[in-house]
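See below for the structure under consideration.
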Amino acid sequence: MKQTIMRAVILGIVSLGTGLLYNYFHQPHLPVFAHNAEEIKSADSLALSGRLEQVNQPLTIVLDQAQNL
């Protein structure tokens, strides 16, 4: 039981470290801690489009695009 918990903790730490390293080296990287709402909007738009743009309306896509995603 104790060994299983330790393995889960180690797996979590390795996963977190891998994710942070990937985010650090991948361009454009997303902010880990957002200090205001503008940073959150910027991170969302980066994730959706790959470039910085402000999103004022919900993103609409066609069925083909949804299937590709």
Legend entry - So Ser15, is it open to solvent by less than 90 Å² (accessible area, probe 1.4 Å), modelled with pLDDT of 95 or more and within 14 Å of the chain's Cα centre (by Cα): yes
Leu20 meets each of (1) at pLDDT 65 or above; (2) touching a Leu at 6+ places or on another chain (Cβ under 7 Å) with one exception, condition (2)
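The values are calculated or read from the model by the stated rules, or taken from the named source; none is laboratory data. Everything quoted here is computed from the prediction, not taken from an experiment. In this analysis, Cβ positions are derived from the backbone assuming ideal geometry, glycine residues included, and neighbour counts consider all displayed protein chains. Please note that ligands, DNA and RNA were not included when accessible areas were found on the heavy atoms of the full protein model with its side chains. Shrake-Rupley method; radii C 1.70, N 1.55, O 1.52, S 1.80 Å.
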